[in-house]
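Worksheet: one structure, shown below.
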Amino acid sequence: MISKEDIIKRFVGYVTVDTESDPESDTTPSTAKQWDLANALVDELKAIGLSDVSIDENAYIMATLPSNVDHDVPTIGFISHFDTTPDFTGANVKPQIIESYDGKDIMLNEAENIVLSPDYFEDLLLYKGQTLITTDGTTLLGADDKAGITEIVSAMEFLIANPDIKHGTIKVGFTPDEEIGRGAHKFDVEKFGADWAYTMDGSQIGELEYENFNAAGAKVHIKGKIVHPGYAKGKMINSMYIATEFINSLPRMETPEHTEGYEGFFHLYSVKGEVEDTVLQYIIRDHDRGHFEARKEVMQKLTNELNTQYGRDAITIEIKDQYFNMKEKVEPVMHIVDIAEEAMKQLDIKPLIKPIRGGTDGSQLSYMGLPCPNIFAGGHNFHGRYEYVPVESMIKATEVICKIAELTALKK
């Protein structure tokens, strides 16, 4: 049995270490504080008995659990990231443990009247009677993806302690900077040495995903002119007004809050403006590659039109691709999805096969030669104060890892 107490202790130990990444940094990892957890993970992997534990100059961690069978078995891997999103603070996380959740409102922070309610977050009712770990309302939790790390480390520890469970060689990988789209950029696939892998980076119990967004980031820089407002007629150009025109010219209903399923979007996530300079930061997402390219063209065309309107290069735009839909690389080896689906069924977990409305290291790794579907890690409401994770879901995810290893090792 996977110990509930051990899962909680391990997870809380991880989330209380601040590992927020920084998209403005050019280093890898993007923040020095990510080394704190990375180095601790290296020590822990050695302590539980894994082999070939290593960490490189960019904080990529790899380790091996050797095979315990005498026949040929594919080498599989399990991967998670240890950074947390810069969308919301991950400093001074104070997890709260809610035993035997009763299905009612959870007071996260009484002083600020921050409530986690099933009236708004209906998924809470799926976990009535279970143990939930929540935030205190002032930070995110970090289940994305420290739940995944917890599950992988716990599974490896369990397999080592239970050699009667037969498995082939298993590779473990932990990465920095996934939340800013760079998690796999410097991942050494050849060194990792797996035939395929799974990221433990999904949400609700049962999720199994091999499709994700095509993704790009766009930085829009608008230049204005500042003069004394009392004498500004015909002279001042307010960059914030041009920025507003740019924002309002994009399809209003094609934003995250109005889309679902396979629908793509433009997401404005940062505005920094003064009269002379305004910078807009967008992410562009779409599952369909053709629609994805069209979205980038829409933003470039809008830039050109506004520059024509204002008679100068008022706007510059920089669009960078981040990752692509892994479906193209996974479909030719669908047996790796089938194994994960069968593992869930054998554990009485209903598989929820659906597209990821986001990204994962697995999308980039699949294009680097390591097919890598995504499996649930258990958390909900990622990237904000209402994040929570059921402990029972983390236990089930740990069991799925062990079962995949067992199924992969069966003689054909």
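Screening G261 with (1) under 30 Å from Y386 (Cα atoms); (2) loosely packed, with under 15 Cβ neighbours inside 10 Å; (3) without any contact (Cβ under 8 Å) to a residue 40 or more places away in the chain; (4) not hydroxyl-bearing (S, T, Y) gives one miss only, at (3).
Looking at A59, is it under 21 Å from the mean Cα position of the chain (by Cα) and modelled with pLDDT of 95 or more? Spelling it out, A59 is indeed under 21 Å from the mean Cα position of the chain (by Cα) and modelled with pLDDT of 95 or more.
Among the residues of segment 30-39, is there at least one that is in a strand (DSSP E or B) and open to solvent by less than 50 Å² (accessible area, probe 1.4 Å)? First the steps, then the outcome.
Applying the first criterion (in a strand (DSSP E or B)) to segment 30-39 yields none.
The answer is no; no qualifying residue exists.
Selection of segment 222-245 for residues being of a type in the set (A, V, I, L, M, F, W, C) and closer than 23 Å to V271 by Cα yields I222, I226, V227, M236, I237, M240, I242, A243. Look at (1) at pLDDT 95 or above; (2) over 17 Å from S393 (Cα atoms); (3) open to solvent by 10 Å² or more (accessible area, probe 1.4 Å); (4) of a type in the set (D, E, K, R) and you find that D177 fails only one, number (3).
Return a yes/no flag: does segment 367-385 have any residue that is over 15 Å from T199 (Cα atoms), open to solvent by less than 10 Å² (accessible area, probe 1.4 Å) and charged (D, E, K, R). Checked segment 367-385: no residue is over 15 Å from T199 (Cα atoms), open to solvent by less than 10 Å² (accessible area, probe 1.4 Å) and charged (D, E, K, R). Remark: pairs (first residue in segment 11-40, free of Cβ contacts under 8 Å to residues at least 60 places away in the same chain; second residue crowded, with 18+ Cβ neighbours inside 10 Å and in a strand (DSSP E or B); Cβ separation under 7 Å; 6+ apart in sequence or on different chains) = T31/E20.
Considering only segment 182-205, state which residues are open to solvent by 10 Å² or more (accessible area, probe 1.4 Å), within 10 Å of L370 (Cβ to Cβ), touching a strand residue (DSSP E or B) at 6+ places or on another chain (Cβ under 8 Å) and outside any loop (DSSP other than H, G, I, E, B). W196 - this is the single residue of segment 182-205 that is open to solvent by 10 Å² or more (accessible area, probe 1.4 Å), within 10 Å of L370 (Cβ to Cβ), touching a strand residue (DSSP E or B) at 6+ places or on another chain (Cβ under 8 Å) and outside any loop (DSSP other than H, G, I, E, B). If you go through segment 146-156 one residue at a time, do you hit one that is open to solvent by 10 Å² or more (accessible area, probe 1.4 Å) and either of a type in the set (D, E) or touching a strand residue (DSSP E or B) at 6+ places or on another chain (Cβ under 9 Å) (or both)? No.
Going through V279, V298 one at a time, which residue ends up being within 13 Å of I222 (Cβ to Cβ) and either open to solvent by 30 Å² or more (accessible area, probe 1.4 Å) or assigned to a strand (DSSP E or B) (or both)? If you could, list the steps in order and put the result at the bottom.
Details: V298 fails: within 13 Å of I222 (Cβ to Cβ).
Checking each option against the conditions leaves just V279.
The values are calculated or read from the model by the stated rules, or taken from the named source; none is laboratory data. The structure presented is a predicted model; accordingly, all values stated were derived computationally and were not measured. A quick note on method: Cβ atoms are made from the backbone with ideal geometry, for glycine too, and the neighbour counts reach across all protein chains shown. SASA here: full protein model, heavy atoms, side chains in, ligands and nucleic acids out. Shrake-Rupley method; radii C 1.70, N 1.55, O 1.52, S 1.80 Å.
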